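Novice: Got a structure for you, written out below as structure tokens; questions coming shortly.
Coordinate-derived values only; no laboratory data. Predicted model only: the values in this text are computed from it and were never measured. Backbone-built Cβ (ideal geometry, glycine too); neighbour counts: all protein chains shown.
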Amino acid sequence: MFVAATGYFLFSHYIYRRMDPAETRLFGRFSYAGFNWIYAAILIPSALWLPLTNAMVENPGPVLWALICASLYSVAIGTIFLFFALLGAKPNDRGRTWAIAGALGFGLQTVVLDALIWPAYFPY
């Protein structure tokens, strides 16, 4: 989790401090505002995961399990979009390298551990 949190700060610093919103194009097509959608895809389901898990512990059921998995998969998909958006980002400098490294660390937590391993070890 420490690696993921550090990674979050690394890529967020690059996105909000180093990128020029007027010149940024995500995937060669979308404006800088696309980062709002990517962050929403990560932050909103992340905020829902723990309350859903708590509800699942108190009253297990298939609907709650599906909602938990959907929230984890949404965060993973948002993280993948973030990673590829950073790969195509300008400027291509040392800050971008750190941002990509941070996204990889964050992705290790959200894609591999949370979306793939966690549901396998805690099945409904």
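Novice: Is one or more of the residues making up the stretch 82-97 among the acidic types (Asp, Glu) and farther than 19 Å from Pro45 by Cα?
Specialist: yes
Novice: If I filter the stretch 79-89 for residues that are among the small types (Gly, Ala, Ser), touching a residue at least 24 places away in the same chain (Cβ under 8 Å), surrounded by 14 or more Cβ atoms within 10 Å (Cβ to Cβ) and out of contact with any Ser or Thr (no Cβ under 6 Å at 6 or more places or on another chain), do I get at least one hit?
Specialist: The answer is yes; a qualifying residue exists.
Novice: Among the residues in the stretch 18-26, are any among the hydroxyl-bearing types (Ser, Thr, Tyr), more than 19 Å from Tyr124 (Cα to Cα) and loosely packed, with under 14 Cβ neighbours inside 10 Å?
Specialist: No - not one qualifying residue is present in the stretch 18-26.
Novice: Please find, among Ala55, Ala99, Ala70, the residue that is without any contact (Cβ under 8 Å) to a residue 12 or more places away in the chain, in contact with a helix residue (DSSP H, G or I) (Cβ under 8 Å, 6 or more places away or on another chain) and among the hydrophobic types (A, V, I, L, M, F, W, C). So that I can check it myself, show each step before the final result.
Specialist: Working: Ala99 fails: without any contact (Cβ under 8 Å) to a residue 12 or more places away in the chain; Ala70 fails: without any contact (Cβ under 8 Å) to a residue 12 or more places away in the chain.
That would be Ala55, the only listed residue that is without any contact (Cβ under 8 Å) to a residue 12 or more places away in the chain, in contact with a helix residue (DSSP H, G or I) (Cβ under 8 Å, 6 or more places away or on another chain) and among the hydrophobic types (A, V, I, L, M, F, W, C).
Novice: Further question: Give me the residue from the stretch 104-113 that is among the β-branched types (Val, Ile, Thr) and more than 18 Å from Leu52 (Cβ to Cβ) and, out of that set, surrounded by the most Cβ atoms within 10 Å (Cβ to Cβ).
Specialist: Applying the first criterion (among the β-branched types (Val, Ile, Thr)) to the stretch 104-113 yields 110-112.
The next check asks that each one be more than 18 Å from Leu52 (Cβ to Cβ); those that pass are 111-112.
Values: Val111: 21, Val112: 12.
In this case the residue turns out to be Val111.
Novice: In the list Leu52, Leu116, which residue meets the criterion of being buried (at least 17 other Cβ atoms within 10 Å of the Cβ) and more than 19 Å from Phe11 (Cα to Cα)?
Specialist: Working: Leu116 fails: buried (at least 17 other Cβ atoms within 10 Å of the Cβ).
None of the others qualify; the one that does is Leu52.
Novice: Sticking with this structure for a sec: Within the stretch 108-124, track down each residue that is assigned to a helix (DSSP H, G or I) and either in contact (Cβ under 8 Å) with a residue 60 or more places away in the chain or of a type in the set (Asp, Glu) (or both). Spell out how you get there, then give the answer.
Specialist: So the first thing to find is which residues in the stretch 108-124 are assigned to a helix (DSSP H, G or I), and the list is 108-121.
Matches in the stretch 108-124: Leu108, Gln109, Thr110, Asp114.
Novice: Being closer than 24 Å to Leu104 by Cβ and surrounded by fewer than 16 Cβ atoms within 10 Å (Cβ to Cβ) is the filter here, so list the residues in the stretch 33-49 that pass it.
Specialist: If the condition is that a residue be closer than 24 Å to Leu104 by Cβ and surrounded by fewer than 16 Cβ atoms within 10 Å (Cβ to Cβ), then Asn36, Trp37, Tyr39, Ala40, Leu43, Ile44, Ala47 are the ones that fit.
Novice: Pick from Gly28, Gly34: which is touching a Leu at 6+ places or on another chain (Cβ under 9 Å) and under 23 Å from Asn92 (Cα atoms)?
Specialist: Within the list Gly28, Gly34, the selection yields Gly34.
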